[in-house]
Amino acid sequence: MLDAIRGFVARHILPPAGASPPADPGARSAGVQMAACALLLELAHADGEFSAIERGRIEEALERHFGLDEARAGELIALAEAERSQSIDHFQFTRLIAAEYDLGQKMVLAEVMWGVVLADGQLAQHEAYLMRKLANLLDLEPAYLTQARRAATPQG
C-alpha cells in the first residue's frame, strides 16, 4: 500500500526532477489530499450506503479543489478508501488537515463535507453526529459548521 501511495505522489503531485516546486500556495501536499478524501469517504459511508451521487460529489470536489483529473481523482479515492478502512480513528486525518489548513480552507472543506452528507437528500443522525465530531477535531466553531451547511444546502 505504501508503494502505491508513493507512486501516486511521484506521478501526480510532486514536481518533476529538477523542476521548482509549484508556486501556487493553494497546492496541497499528498498527505492533506489523502486525509481530506478519507474524511469525505468516511462521511459518505456514515449512513451505511456509498451512493453513486456521493462518489460523484467527492470526485467533483477533488477535481475542483485539488486540480486532479478524473483518473487521478479515482486513484486518490481508491488509495484514501484503503487508508480509511485501515484507520482506527479520524484523528490521523483531522490532525494533518488542522495543521495545514487555515480557517478559510477548513470552511471550504466543511462545505464540501456537507455537500457529500446531503447528496442523497437525507441527513441520518449518525451523519450529523460525525459532522459535529469532525468539525470539533478540525477546530471549527459550531457557527462555522452551520454556515458551511447553509452554503452546501441546495436552494429550492
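Values in this text are rule-based calculations from the coordinates and carry no lab data. Quantities reported herein were computed from a predicted structural model and do not represent experimental measurements. Neighbour counts are summed over all protein chains in view; Cβ atoms, including those assigned to glycine, are modelled from backbone coordinates with ideal geometry.
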Sum of side-chain charges, Met131 neighbourhood, beta-carbon under 15 Å (Lys, Arg +1; Asp, Glu -1): -2
Label-point separation in nm, Thr153 to Asp120, each point 7 Å along Cα→Cβ: 2.0
Within the range 66-156: Cβ-based charge dipole about Cα centre, in debye rounded to nearest 20 (Lys, Arg +1; Asp, Glu -1): 320
The range 36-90-the range 101-150 distance, computed between alpha-carbon centres (Å): 15
